[in-house]
Structures are given as structure tokens and as C-alpha cells.
Amino acid sequence: MDEVEAAKSQYEGLNVAAFDVMDPTGGNERFGVMLTSFANSRQAEASVPAPSLVTGECSNYTVDVPTAAVTMKTALTQVQITTTAESVTSWRRDYVAANQKMRTYLAVAQHGNVTIRASVFVDSDAQGIAKLEELMDAAVAELN
């Protein structure tokens, strides 16, 4: 019980804002951003995953969903983005589910006491990295 109460008090006052956008031109681009403010920058920094989590043992995994008869195989690859945020980890997630290949670009950054999470569904590294950088820098500009 003490651990539950400690965790609860650590995140009291947590504020979250998010948005998700589909490509207005009818294309396949989709992106989202979520901002989470913490009580202090130390908590925000702790919520950014270490790059080793992306490239280490967690980089490949399989998930079986028996009720839907679906197996999802996922491979994570670290990608580098340049942003004005204080720290960032970013990666590409390639996965196959129901014999359909999909790709997502993800980034988690910390700026002050805020964590910025972005996800982009596009077809290429150049597009994914550029969009992640754009989203991160826009969020940091709003925070400053």
C-alpha cells in the first residue's frame, strides 16, 4: 500500500494534452502528439526511455491475440532526430499484423517538466524523421 500511495502522490497534479490528426488530403499520413506535465523536470526526464531500451532486448517482439487470431511481429530501430527539446529518444517501429506491413515513427522528448510524445504514420524515414522534428520543435516553441 505504501508503494501505491507513493506512486499516486508522485503523479498528483499530472496534466495531459493530446491531439491526433489524419491526413486532410486523403493520403495515408497520420500523426499525434501528447504533452504530459510533471511536478518537476526530474520526473519528466525519468519518463523518457533510454535509447538502449529501443535497440536492446525489447527491439523485437511478437504479440499473439488469440481472440482475433492475429499475431503481430514488431521490430524497433533507433532513428536520430534533431530537436530543440532537452533530451529525446526516437525510433521506427516496423510491424506485421494479419499479413499487413505497417510503419510508425515515434519519439519521446523532455523539455523542462513536460514530456512530449509524438507518433507519425508515414512511408519513409525522411518523411517520418522530418515530421517528428517538426512536431517536437512546435511543441517546444509553445512551451517556451
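The values are calculated or read from the model by the stated rules, or taken from the named source; none is laboratory data. What you see is a predicted model, and the numbers here were worked out from it, not measured in a lab. Heads up, the Cβs are rebuilt from the backbone with ideal geometry, glycines too, and the neighbour counts pull from every protein chain shown. When the accessible area is computed, the model is the full protein with side chains, heavy atoms only, and any ligands, DNA or RNA have been set aside. Shrake-Rupley method; radii C 1.70, N 1.55, O 1.52, S 1.80 Å.
Taking all protein chains into account, the per residue accessible area for the chain stands at 60 Å² (1.4 Å probe). Rounded to the nearest 20, the size of the Cβ-charge dipole of region 2-143 about its Cα centre is 380 debye, with Lys and Arg at +1 and Asp and Glu at -1.
Students often get this wrong: which residues of region 90-109 have the backbone nitrogen under 18 Å from the point 7 angstrom along Cα-to-C-beta of ASP125? Under cut-off, by backbone N: 90-95, 102-107.
Restricting the trypsin sites (Lys or Arg not before Pro) of region 82-144 to loop positions (DSSP other than H, G, I, E, B) with no more than 16 neighbouring Cβ atoms within 10 Å leaves nothing.
Counting only DSSP H runs of at least 4 residues, each contributing -39500 (n - 2.57), and dividing by the residue count of the chain, the helix-based mean residue ellipticity at 222 nm comes to -8000 deg cm²/dmol. Within the accessible area of the chain, what % is carbon and sulfur when the probe is 1.4 Å and the other protein chains stay in place? With neighbouring chains kept in place, the figure for the chain is 53 percent.
Taking the charge dipole of region 2-143 about its Cα centre, with +1 at Lys and Arg Cβ atoms and -1 at Asp and Glu Cβ atoms, the residue from PHE19, TYR95, ALA138 reaching farthest to the positive side is TYR95.
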